[in-house]
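The values are calculated or read from the model by the stated rules, or taken from the named source; none is laboratory data. Quick caveat: nothing in here was measured; it's all calculated off a predicted structure. Cβ atoms come from the backbone with ideal geometry, glycine included; neighbour counts cover every protein chain shown.
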Amino acid sequence: MAEKKTRILKKEWKSFLKDFNRMNQYRNAVVQIGDDFIVGEPGMPLLGIDYDDRARRVEIFLGTTDPDNIVHLAHAVDVPRAIYLIRDDEAMNPVVGLQIQGAPGTGMTRIRFTDASCEDGRQKWVAAVAHTLYERRGMEPGADQKDWFEAEEIIEDVCKKYR
């Protein structure tokens, strides 16, 4: 693995993260601070990463299978000092993650993708949410397409905010 880190200039953080979200949304990700995993394998689908320059905060949002609470704030980095794109040009998808350096004395936050494809991640997520809807209906057969379309709508509604 020949990973390369590229530092993103602070003045470009907002636009970089918007592009990063568009290109990597739905990919399963693990989040780690220092040596501790906040979200481990197999990961959760990336909704998006947001930088609020007024609050001086980067927030990482992942998706869950609960249709009523589909957004999960995985982690927030206060007073971020640097953002690095992690690439491996030999990998199937060269973008393998992101590193966010927080305030002095805090651990480095790492976001690592566990899959290469956004579409695969999206399909798995829709299937998991649709299954949750099916369970809520009492597992009665015959409405699988309705559950699928409802899951797609729920996910699409929340994801457009991060693009």
(message) Which numbered condition in (1) modelled with pLDDT of 95 or more; (2) within 25 Å of Glu152 (Cβ to Cβ); (3) among the small types (Gly, Ala, Ser) is the only one that Gly97 fails?
(response) (2)
(message) If I ask for residues that are more than 13 Å from the chain's Cα centre (by Cα) and among the β-branched types (Val, Ile, Thr), which ones from the range 110-142 would you list?
(response) Val126, Val129, Thr132
(request) Looking only at the range 24-44, count how many residues are over 17 Å from Thr109 (Cα atoms) and either at pLDDT 95 or above or surrounded by 20 or more Cβ atoms within 10 Å (Cβ to Cβ) (or both). (result) 4
(request) Tell me, please, whether a residue that is assigned to a helix (DSSP H, G or I), in contact (Cβ under 8 Å) with a residue 24 or more places away in the chain and either in contact with a Phe, Trp or Tyr (Cβ under 8 Å, 6 or more places away or on another chain) or surrounded by fewer than 19 Cβ atoms within 10 Å (Cβ to Cβ) (or both) can be found in the range 96-118. (result) yes
(request) Please go through the range 107-131 and pick out each residue that is basic (Lys, Arg) and touching a Gly at 6+ places or on another chain (Cβ under 8 Å). (result) Arg110, Arg112
(message) Can you tell me how many residues within the range 119-131 are surrounded by fewer than 18 Cβ atoms within 10 Å (Cβ to Cβ) and farther than 30 Å from Ile100 by Cα?
(response) 2
(message) Quick check on the range 113-122. Is at least one of its residues within 15 Å of Leu47 (Cα to Cα) and β-branched (Val, Ile, Thr)?
(response) yes
(request) Might you check whether a residue that is basic (Lys, Arg) and surrounded by fewer than 17 Cβ atoms within 10 Å (Cβ to Cβ) occurs anywhere in the range 138-154? (result) yes
(request) Keeping to the range 122-152, report how many residues are of a type in the set (Gly, Ala, Ser) and either in a helix (DSSP H, G or I) or in contact with a His (Cβ under 9 Å, 6 or more places away or on another chain) (or both). (result) 4
(message) Could you check the range 66-92 and list, in sequence order, the residues that are assigned to a loop (DSSP other than H, G, I, E, B) and within 18 Å of Leu47 (Cα to Cα)?
(response) Asp66, Pro67, Asp68, Asn69, Ile70
